[in-house]
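Okay, structure first, notes after.
The values are calculated or read from the model by the stated rules, or taken from the named source; none is laboratory data. Keep in mind the model is a prediction, meaning the values are calculated, not measured. So basically every Cβ, Gly included, is an ideal-geometry build from the backbone, and we count neighbours across all protein chains shown. Surface accessibility is based on the protein's heavy atoms, side chains included, excluding ligands, DNA and RNA. Shrake-Rupley method; radii C 1.70, N 1.55, O 1.52, S 1.80 Å.
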Amino acid sequence: MSDKRKILVQLDTDVHPSVFDRVVAIDAGVEELFSYGGVKPEQVQGLVHGAIFTRGPAELKRTALFVGGSDVAAGERLLAEVRKHMLPQFGLSVSVLLDANGANTTAAAAVRAAARHGDLKGTTAIVLGGTGPVGQRVALLLAREGAKVRVGSRQQEKAAQVCERLKARIPDADLEPVAAGDPANVRTAIEGRSLVIAAGAAGAVLLTKADRKDCSSLRTLIDLSAVPPLGIEGIEIGDKGKERDGIVCYGAIGVGGTKMKIHRAAVARLFESNDQVLDAEEVYALGQGL
Amino acid sequence: MSDKRKILVQLDTDVHPSVFDRVVAIDAGVEELFSYGGVKPEQVQGLVHGAIFTRGPAELKRTALFVGGSDVAAGERLLAEVRKHMLPQFGLSVSVLLDANGANTTAAAAVRAAARHGDLKGTTAIVLGGTGPVGQRVALLLAREGAKVRVGSRQQEKAAQVCERLKARIPDADLEPVAAGDPANVRTAIEGRSLVIAAGAAGAVLLTKADRKDCSSLRTLIDLSAVPPLGIEGIEIGDKGKERDGIVCYGAIGVGGTKMKIHRAAVARLFESNDQVLDAEEVYALGQGL
Amino acid sequence: MSDKRKILVQLDTDVHPSVFDRVVAIDAGVEELFSYGGVKPEQVQGLVHGAIFTRGPAELKRTALFVGGSDVAAGERLLAEVRKHMLPQFGLSVSVLLDANGANTTAAAAVRAAARHGDLKGTTAIVLGGTGPVGQRVALLLAREGAKVRVGSRQQEKAAQVCERLKARIPDADLEPVAAGDPANVRTAIEGRSLVIAAGAAGAVLLTKADRKDCSSLRTLIDLSAVPPLGIEGIEIGDKGKERDGIVCYGAIGVGGTKMKIHRAAVARLFESNDQVLDAEEVYALGQGL
């Protein structure tokens, strides 16, 4: 029956399920939204079984799951648990989208913004704050597109671990861990890079004007911090492809319109089949042509 | 886009968000109801931001907030917090209605009932239980309408504080604090009053038949207690303009029909623009012409 | 007004209200679903009053309650509390369905399955796990249909208590408590029985192949366990009227289709009037003719 109502089950790790994600779900065409807050991994089995055991296999694409909450690592644990309890071998599964803290849609929108200003294949890029949930996703997407990616972190050791994990997924990726935590090493880190994407913690300035003033290779700067001071000094939060001293700049709000479109498209896509897992790469692919 | 679905975000301070408020919201035309229970002030920012950052400014009037719960003071704290996190300077706000414990709609309906039986301007009134959340609102509305208002309380000191706060809002108000806690002082308190509105705690008898039998000025008695014994002895909960010994009487259920109409109208009004704060006076104004 | 939206208030004793019950409610035609988790008996009054005090008596059949959760006894306590706070004497009530842990719909579907293979009147039956919530309901329904029912339990004393309670409700019922906990007594217990319904705890094997191989009276075996090993050895969970060695067999999934139909029909039935209490027998009656 194609007329079953479209149900989205929102599993949120925060006490109160995100209003933001709920509004987007409704605006994406969800007809019934079942919202759960404070969801713990051990509660996932019952919630997933309730979703997959109620409608026939042919109708299961009208039910879907969304995993959210402000803690991306907690969301990832829920997603792993969700996948464990699907029974695809019996046709009993529903599609699921992870967008905890907006990490996947933000990373996708940032890389989409960069792609507007030149082919990413072969582009020299650096991700500052590259070991956080958004930064890792940005690095993954850039590597998939064939960019040469430096993953920057205050602790080079952590950056190296991220690069290793990414190389395990993309064997031919061009990835390099770099230390980028103080003026001395951040200047070295951005040397020769044309694209910088900053995905650090709120309030942490990762790249000052002084530190980048002598770097002639810079072409595009994207900062994903939502609250001042931003991660890249000199960018404004509303910048959307704005040229500043010959460099194209984006701030979080400038990237936000694309992020929202991708988020809505990803929710809508869930209802096209009952076997999708939409994580960073799938969400990014959705952004194509929006 | 005028076709975005009408979303009401219900912030309730009780563990379980009020079924009553939810049914009224649906019957008032809300299309998507996001209900939150046990909401604390420190959680309000994220919820408000989720509401204001998801739709464009032109569409934000299709999203609104409702603050409820059985504790009116707690609801008032949430409302204050809600207002703090709107960003009207950027057009980023949504309208909000406070009706914790039905205080605003009940007070509005009570004063509307009184107004049916004579111009309130110059009317001599007394509000028994006048320092509670409903009583204070009744006194405010009566004062706005130009009535001469005595605010009665067991503790005259608390009544005096309420009168002071109201005079700060309505400088030309005719307000007088009175002690009204035992037969001796309640008889003095109602002397010369034509309108009595009792808004005391459940089960507290504030005015006995004996205490009012010698008061010849009484014309209208309104009691807002939902459970017997009522605050004004001799009134029945279903009284709706019923004459008893030449005095027009209203009980809580008699006022209830108007209260429900005002409640529904207030919820519907939220979706007319994105910048309203509907508290006692705005809710009362809505009752005009219903 | 016949166009008020159909509201179902779901009271669930588990922390997270059942996704399963929510999907079924939507698929049964519910238009607005208010879901509450972790509901405690002392919270029921406010929730019920919110449901019955918001719409006029003529419209109250468009509001209904559902009591669920994995703990059937806890659900029964909620149902008792729900009934206490209705005010049918004033026309102020809404219909309510109990289906905690699917107990009523499962029991109804099991007995419906048995009825497909011969008149239940006079049938010799035994309910294994007959003192649990599903087992008691199965015994009740079989007794109502005029079957001769043995109630089996590891502890015969508990089986005797169940039989006594059922006889108080159905004075002419033919009920007999039996001990059925080990090979010696289970063989005696099933002697002469043509119908066995097993409703024991998950993972408990109540009847082995060896224990039933010499029992020539067996005609129908129904097992309601959802996880292997099943309660009746030799049945498969998907069996749906499958003949095995001349005996008709049903497993939990085989009974599941009818269970779902009954569940949906019961939810839909709630909205036909505002005075129904749908427990085991009412739910079973609904299954007639589905």
Other copies of B:H117: label-to-label distances in nm, shortest first, labels 7 Å along the beta-carbon direction
7.3, 7.3
Alpha carbon centre of the stretch A:268-283 versus the stretch B:197-253: separation in Å?
63 Å
Taking each residue in A:58-69, count the Cβ atoms of any other chain within 10 Å of its Cβ, then average. What number comes out?
1
Could you check which residue among A:V19, A:V94, A:V196 shows the biggest mean-square fluctuation in a GNM of chain A with a 10 Å Cα cutoff?
A:V19
Round to a whole number: what % of the accessible area of the protein assembly as shown belongs to carbon and sulfur, probe 1.4 Å?
49 percent
Just check the stretch C:69-121 against the gyration tensor rule for me: Cα atoms, a ≥ b ≥ c as the square roots of the eigenvalues, rounded for a/c under 1.5, and otherwise prolate or oblate depending on whether a/b exceeds b/c.
oblate
Under a 5 Å amide H to amide H cut-off, with H placed in plane at 1.01 Å, what residues pair with A:L92 once short-range neighbours are removed?
A:L87
Separation of the stretch A:102-141 and the stretch C:40-104 by C-alpha centroid, Å?
52 Å
Measuring with a 1.4 Å probe in the full set of protein chains, what accessible area per residue, in whole Å², belongs to chain C?
40 Å²
Angle, helix C:72-84 long axis vs. longest principal axis of chain C, Cα atoms, 0 to 90°, nearest 10?
40 degrees
Skipping prolines and chain starts, which residues have an amide H placed within reach, meaning under 5 Å, of the one on C:D14, given they are 5 or more residues away or on another chain?
C:G38, C:V39, C:S70
The answer for C:L65, listing residues at least 5 apart or on another chain whose modeled amide H is closer than 5 Å to its amide H, is C:V9, C:S95, C:V96, C:L97
For q = 0.19 Å⁻¹, Debye-computed log10 I/I(0) when each Cα of the stretch B:7-98 counts as one equal scatterer
-0.82
For the Cα atoms of chain B, what angle does the longest principal axis make with the long axis of helix B:156-169, in degrees from 0 to 90, nearest 10?
50 degrees
Could you run the numbers on buried accessible area between C and B, total for both chains, 1.4 angstrom probe, in Å² to the nearest 100?
1300 Å²
Taking N as the residue count of the protein assembly as shown, its alpha carbon Rg divided by 2.2 N^0.38 Å gives 1.14
Remind me, what semi-axes does chain B give for its equivalent ellipsoid, largest first in whole Å, using sqrt of 5 times each Cα gyration tensor eigenvalue?
36, 18, 17
Summing -39500 (n - 2.57) over the DSSP H runs of n ≥ 4 in chain A and dividing by its residue number, what mean residue ellipticity at 222 nm do you reach, to the nearest 500 deg cm²/dmol?
-11500 deg cm²/dmol
Taking only Cα atoms and a 10 Å spring cutoff, compute GNM fluctuations for chain B and point out the largest among B:N101, B:N185, B:N274.
B:N185
Could you tell me which of rounded, prolate or oblate describes the stretch A:106-256, using a ≥ b ≥ c as the square roots of the eigenvalues of the alpha-carbon gyration tensor, with rounded for a/c under 1.5 and, failing that, prolate when a/b is larger than b/c and oblate otherwise?
rounded
On a 0 to 90 degree scale, rounded to 10, what angle separates helix A:133-144 from the longest Cα axis of chain A?
80 degrees
Once you've got the GNM for chain A with C-alpha springs shorter than 10 Å, pick whichever of A:A80, A:A108, A:A252 has the biggest mean-square fluctuation.
A:A80
